[in-house]
Amino acid sequence: MIVREQPASPRRERLVERNVDRSGHGARPEAFAAFYVANAFHEYVARVLIGMGWIVVEEREEYETLRYVYVSPVGLLNYLTGRSAVKFALATISLWVAVANPDVRRAK
């Protein structure tokens, strides 16, 4: 079985080009990988923590259903827990897509 190296994709080349500054020197590959993974995990901060703060504002201003949720038998805590679980799931999917990207793993 002959295994050929796949040609570099344009997306991979753009990622590597972003890693190299104008003088032609780039960051070490380990540093690039660490920043990439840290940026992928930052999705949890952006989507879950900051998103939880915006849930109350969004519900009050856009949907105007917060007062009905507050007096409903379900309660506000269960509602916010469900919304945060959805945001956590979306952040996990985003993290998985970013880290499992084969173009980034092959970038040299």
(message) Using square roots of five times the C-alpha gyration tensor eigenvalues, list the equivalent-ellipsoid semi-axes of segment 24-100 in whole Å, biggest first.
(response) 37, 12, 8
(request) Mind giving me the nanometre distance, one decimal, between the label points for Ala98 and Arg60, set 7 Å out from Cα along Cα→Cβ? (result) 3.0
(request) Excluding Met52 itself, calculate the net charge of residues whose Cβ lies under 12 Å from the Cβ of Met52, where each Lys or Arg counts +1 and each Asp or Glu counts -1. (result) +1
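A short reminder: the numbers here are calculations on the coordinates, not readings from a lab. Given the structure is predicted, the values throughout are model-derived calculations rather than measurements. Note that each Cβ is placed from the backbone with ideal geometry, even for glycine, and that neighbours are counted across all protein chains shown.
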